[in-house]
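What follows is a set of notes on a single structure, which appears directly below.
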Amino acid sequence: MENERNLKNTSILSSKFLTLRGAIDTDIRKLRQLTKFLGPAFVVSVAYVDPGNFATNISGGSKFNYALIWVILFSNLMAIFLQIMSAKLGIATGHSLPEMCSKVFPKSINWIFWFVAEIGAMATDLAEFLGGTLGLYLLFHIPMIYAGLITGLITYIICYMERYGQKAIEIIISIFVSIICIAYTLELFLAKPDWFQVGIHTLIPSLPNSEAVLIAVGMLGATVMPHVIYLHSQLVQHRGVDSSNEGKLKHLKMEKIDVTIAMNIAFVVNAAMVVVSAAIFNRNGLVVDTMEQAHTSLQPLLGSLSSSAFGIALLASGLSSSAVGTMAGQTIMKGFVNLSIPVNIRRLITMMPALIIIALGINPMNALILSQVVLSFILPFPIIQMLIIAKRKDLMGILVNTRFVRVLGVFIAAIIILLNVVLLCLTFTGNA
């Protein structure tokens, strides 16, 4: 009788073990499957923590304390929605958004789209190049002109790695994102912010004055960036191996996970920038107008470890986002009007505005903020293009936008356009 009981218990334990092992094996297979699709959104996420974000977030935090954190939250929610829509368009059609525009819209319209997108790409490149240059200058005290040339060289090397496949670029960019995250986690730990105020201002919108509107629009442009909406639709195609409806649905599901993880990491970093700036600069009565001031002010307030972390994060942001900007520029040129300019020549052209700003002694931080405002004005173009294309079942098939998605997309575009109109009115009336 005892033997029978022991055999029964052994059988139950064996059965439970096999069930547990099967569950673990299933989870491992799912994880391996997910890792095959992770990557494109992490490349895109670099644009959400680029030097333009540093400028707008530091300025917003130092001038308005925690009041504008809600802008980061709502901008991030918009970014998640738009990046998923961009990925969906690329998965459904097998083409990038600019390529689909060339198929759907007349050639004359596409030249206009290309021109507007190139202005956005130049504004993006300006911010990213300046960020890398400033990072080298602050960390190693290299003169700005030479730091700019070094930034261009390092960016070229990163882009050159693309010849070894998109995965190589994704790994490099992910390392840079990790460096930025670690640096700002350290600063957040040292800053000791008022978490109650952080929570209130994350959920309750407020705009203290007209200058806050300018910074808020800049934050929006820095967070929901147009060039990576174009790029994401191109990047996802490298993961598409099954063109069946089931394969596309599975690909989109995995890409949603990729976007959610990457965008929320970007949200945490952006929010940390505002929180640290508010907790350190605003609390001590400092209004930060330059990146150099932000870097040097951190040292007496938090110590050399924090100021070094800031410089490293800015450098990593500038270098990685410059590479992503170059990739986006190629997608834009080839897609809309089928132009193919060598990367080296394009990089040289986009370096010139930043070098001119440096040579003229213009405040790089002001240039960064204005570049992000320009991006906010350009942002409605890719959103409207996506909404027009993604509502057509003959182009999107099973992934065609639902009525709810179309309405939500129109609502987001309307909010962005409204903010831009408000900013223009404030500017022309002399209140901005």
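The values are calculated or read from the model by the stated rules, or taken from the named source; none is laboratory data. This is a predicted model, so every value here is computed, not measured. Cβ placement follows ideal geometry from the backbone for every residue including glycine, while neighbour counts extend to all protein chains displayed. Remember, those area values only see protein heavy atoms, side chains included, never the ligands or the DNA or RNA. Shrake-Rupley method; radii C 1.70, N 1.55, O 1.52, S 1.80 Å.
A Cβ distance below 9 Å, combined with a sequence gap of six or more or placement on separate chains, defines the contacts here; from region 386-401, residues that are small (Gly, Ala, Ser) reach residues that are open to solvent by 10 Å² or more (accessible area, probe 1.4 Å) and outside any helix (DSSP H, G or I) in the pairs Ala390/Val400. The set of residues from region 326-355 being modelled with pLDDT of 70 or more and charged (D, E, K, R) comprises just one member, Lys334.
Take the residues in region 363-389 that are modelled with pLDDT of 70 or more and more than 22 Å from the chain's Cα centre (by Cα); name whichever of them is most open to solvent (accessible area, probe 1.4 Å). Among residues in region 363-389 that are modelled with pLDDT of 70 or more and more than 22 Å from the chain's Cα centre (by Cα), the one most open to solvent (accessible area, probe 1.4 Å) is Ile388. The residue list Val422, Val410 contains one member that is modelled with pLDDT under 80, open to solvent by 50 Å² or more (accessible area, probe 1.4 Å) and closer than 22 Å to Val224 by Cβ, which is Val422.
Here His95 meets the list (1) crowded, with 22+ Cβ neighbours inside 10 Å; (2) not in a helix (DSSP H, G or I) almost entirely, failing just condition (1).
Look at region 66-80: where a residue is in contact (Cβ under 8 Å) with a residue 40 or more places away in the chain and a partner is of a type in the set (Phe, Trp, Tyr) and open to solvent by 10 Å² or more (accessible area, probe 1.4 Å), sitting 6+ places away or on another chain with Cβ atoms under 9 Å, you get Ile72/Phe267; Leu73/Phe267; Ser75/Phe267; Asn76/Phe267; Ala79/Phe267; Ile80/Phe267.
Taking region 160-198, which residues are under 18 Å from the mean Cα position of the chain (by Cα) and among the hydrophobic types (A, V, I, L, M, F, W, C)? Residues satisfying the conditions are Ile169, Ile171, Ile172, Ile173, Ile175, Phe176, Val177, Ile179, Ile180, Cys181, Ile182, Ala183.
Counting only helices (runs of 4 or more DSSP H) that fall entirely inside region 130-214 and contain at least 1 residues that are charged (D, E, K, R) and either in contact (Cβ under 8 Å) with a residue 40 or more places away in the chain or crowded, with 20+ Cβ neighbours inside 10 Å (or both), the qualifying elements are 166-191.
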